[in-house]
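Written out below as structure tokens is the structure these notes cover.
The values are calculated or read from the model by the stated rules, or taken from the named source; none is laboratory data. As the structure is a computational prediction, the values presented were derived from the model and not from experiment. In this analysis, Cβ positions are derived from the backbone assuming ideal geometry, glycine residues included, and neighbour counts consider all displayed protein chains.
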């Protein structure tokens with residue numbers, strides 16, 4: 001329930017009196033009642049937003065997990081490619097050396 005101006009003003013005045021230590025028992029009870037009502041209203045209003053945040057957090061966690069898996073796969077692929085490239089470079093060097101040896105024997 002949304003408070004009207006009169007209820008807001010009553011709540012504010014009771015808070016001021018409470019801060020001054022000047023509340024009667026009836027006023028203290030009324031302040032507690034209004035505070036509980038306000039908390040209940042806020043909880044009801046915030047509940048959908050909090051649920052959306054929880055859902056978004058779960059989705060973000062799932063997305064992060066999937067991205068971490070893809071990153072590990074990509075890193076493994078990069079390592080395999082480095083190994084293949086190293087082997088190809090070594091083979092190319094061996095072929096060049098063999099070609100130079102062959103050509104050196106012909107000259």
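Please give the number of the condition residue 15 fails out of (1) touching a helix residue (DSSP H, G or I) at 6+ places or on another chain (Cβ under 9 Å); (2) touching a residue at least 24 places away in the same chain (Cβ under 8 Å).
(2)
Of the conditions (1) surrounded by 10 or more Cβ atoms within 10 Å (Cβ to Cβ); (2) in a helix (DSSP H, G or I), residue 105 clears all except one; give me its number.
Looking at each condition in turn, residue 105 falls short on (1).
Return the total of residues in the stretch 1-14 being under 40 Å from the mean Cα position of the chain (by Cα) and loosely packed, with under 14 Cβ neighbours inside 10 Å.
The qualifying residues number 7.
Taking residue 29 as meeting all but one of (1) modelled with pLDDT of 95 or more; (2) touching a helix residue (DSSP H, G or I) at 6+ places or on another chain (Cβ under 6 Å), write down the number of the exception.
Of the numbered conditions (1) modelled with pLDDT of 95 or more; (2) touching a helix residue (DSSP H, G or I) at 6+ places or on another chain (Cβ under 6 Å), the odd one out for residue 29 is (2).
Would you say residue 17 is surrounded by 10 or more Cβ atoms within 10 Å (Cβ to Cβ), more than 40 Å from the chain's Cα centre (by Cα), at pLDDT below 95 and in a helix (DSSP H, G or I)?
Working: surrounded by 10 or more Cβ atoms within 10 Å (Cβ to Cβ): yes; more than 40 Å from the chain's Cα centre (by Cα): yes; at pLDDT below 95: yes; in a helix (DSSP H, G or I): yes.
In short, yes.
Out of everything in the stretch 23-38 that is farther than 15 Å from residue 8 by Cβ and under 38 Å from the mean Cα position of the chain (by Cα), what residue ends up being surrounded by the fewest Cβ atoms within 10 Å (Cβ to Cβ)? Even if it seems obvious, please write down each step before you answer.
Pass one, the stretch 23-38, residues farther than 15 Å from residue 8 by Cβ: 23-29, 32, 36.
From what is left, the residues that are under 38 Å from the mean Cα position of the chain (by Cα) are 32, 36.
Working: 32: 12, 36: 10.
Selected residue: 36.
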